[in-house]
Amino acid sequence: MAPNDRSIPRPLLIALIALPLLLVAGVGTLGLLYGSGSSGAAPTSSAPAPIRTGPVALPPIPAEQAASPACGRLIQALPKELTSSGEQIGRREIVAPAPDGTMVWGNEKRDPVILRCGLGRPDELKPDSRLAEISGVQWLELPGQGASSWVAVDREVYVVLTVPSLSGTGPLQGVSESIHATLPQQKVDTGTAPK
């Protein structure tokens, strides 16, 4: 890796972005197993889904442009609600101190949708990468277990949106509209430019 290469290795990126999803799922599972009642009975198949409330902990990860004016404009322009599986999910609070350039949406029934702005260029972005265009924004999908991270690759800053499985395309569409309206489109950097 070159000394000036500021990209984040894919396994580290996926692990750091997926960590909050795993924490929420773990707390929900513990709540189901131990509950707040004193009966000591094992949960039955009719037990309610885990409750996902309270602030979301986002571990800090390298994001040199997270405090940039571009990320600041995008964070201000993001929608208050996103559509996930046909349901509106609102913004969630982030545990203080919230990392710059971040936003989270979710509700008590759904794992959070997490946005991070200002990360480095993903190593997976190559000349032959398959990109998806959504509402005028080029996205690179980084599949993971239980969630996929999508990287907007045609703007002055990289934006990563981690979307839990079964959320549908609503989160990507809502965020794409804000990116398209806020950040000018640029040529995709596939890492092949002469140095």
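Here, each number is a calculation from the coordinates, and none is a lab measurement. None of these values were measured; they are calculated from a predicted model. Reconstructed Cβ throughout: ideal geometry from the backbone, glycine too, with neighbour counts over all protein chains shown.
Table for the structure above
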| read-out | value |
| --- | --- |
| Förster-model FRET efficiency, 35 Å R0, R130 and V95, C-beta, rounded to 0.05 | 0.50 |
| Estimated distance in nm for a label pair at N107 and K187, the labels positioned 7 Å out from Cα along Cα-to-Cβ | 4.5 nm |
| The stretch 100-195 pair-distance distribution - Cα-Cα, 5 Å bins, rounded % | 2, 13, 25, 26, 18, 10, 4, 1, 0, 0 |
